[in-house]
């Protein structure tokens, strides 16, 4: 039996305070809180979509869904790949965020090729802030398309902050920037003071 490290109210409060949980590895049961000196964000008006990705999306071979199979997305994000032998998502995190999804505070984007899940991402929604947790891709452009569709939805729903936690080379190509902890907390406070809707038409 997997023990949850803390309850959902405590988890959501962590995000409101600007910290987030991680595990040392997929096989390590310990979960710790992270408060980076520098924080990654993607400005919601600054997503960079390359010419080649725009061309790819015009003939879109993928199908996009939201919240169709949240646990599968988290499981795929935790799975090792040739380029990433280990991840920070352990079984405790899977259980915790699955519960958070059932309360409506965590969401996933799924990318399908025919009936096969080939990419996606998940994150946490509080107020007008979306905290991106992880993404995966099993086919070229799958995670990029997931992020583009996420940003479209966040803009439509009135969100003000897309937190990526850290900045990777992959995220830099999509417009992610690194800001100070102080600047991040200013953006976070503003986002939490506002409301947004992940399902803007509901």
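The values are calculated or read from the model by the stated rules, or taken from the named source; none is laboratory data. Please read all numbers here as calculations on a predicted model, not as lab measurements. Positions of Cβ are backbone-derived with ideal geometry, glycine not excepted, and every protein chain shown enters the neighbour counts.
Quick notes on this structure:
- Pairs linking a residue in the range 31-52 that is over 28 Å from residue 95 (Cα atoms) to a residue that is loosely packed, with under 12 Cβ neighbours inside 10 Å, with Cβ atoms under 6 Å and 6 or more positions apart or on different chains, do not occur.
- Being in a strand (DSSP E or B), modelled with pLDDT of 95 or more and either more than 10 Å from the chain's Cα centre (by Cα) or under 18 Å from residue 24 (Cα atoms) (or both) is a condition met by at least one residue of the range 99-111.
For every residue, the table says whether it meets (1) under 20 Å from residue 125 (Cα atoms); (2) modelled with pLDDT under 95; (3) assigned to a loop (DSSP other than H, G, I, E, B).
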| residue | (1), (2), (3) |
| --- | --- |
| 26 | no, yes, yes |
| 33 | yes, yes, no |
| 40 | yes, no, no |
| 49 | no, no, yes |
| 54 | no, no, no |
| 65 | yes, no, no |
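- Qualifying residue in the range 176-196 (condition: crowded, with 19+ Cβ neighbours inside 10 Å, touching a helix residue (DSSP H, G or I) at 6+ places or on another chain (Cβ under 7 Å) and closer than 24 Å to residue 101 by Cβ): yes
- Residue within the range 50-73 that is closer than 24 Å to residue 179 by Cα and surrounded by fewer than 19 Cβ atoms within 10 Å (Cβ to Cβ) present: yes
- Helices (runs of 4 or more DSSP H) fully within the range 125-202 counting 2 or more residues that are at pLDDT below 95: 169-172
- Residues (crowded, with 20+ Cβ neighbours inside 10 Å and either out of contact with any strand residue (DSSP E or B) (no Cβ under 9 Å at 6 or more places or on another chain) or under 16 Å from residue 161 (Cβ atoms) (or both)) located in the range 107-120: 107
- For the range 154-169, residues that are over 19 Å from residue 34 (Cβ atoms) and touching a residue at least 12 places away in the same chain (Cβ under 8 Å) total 7.
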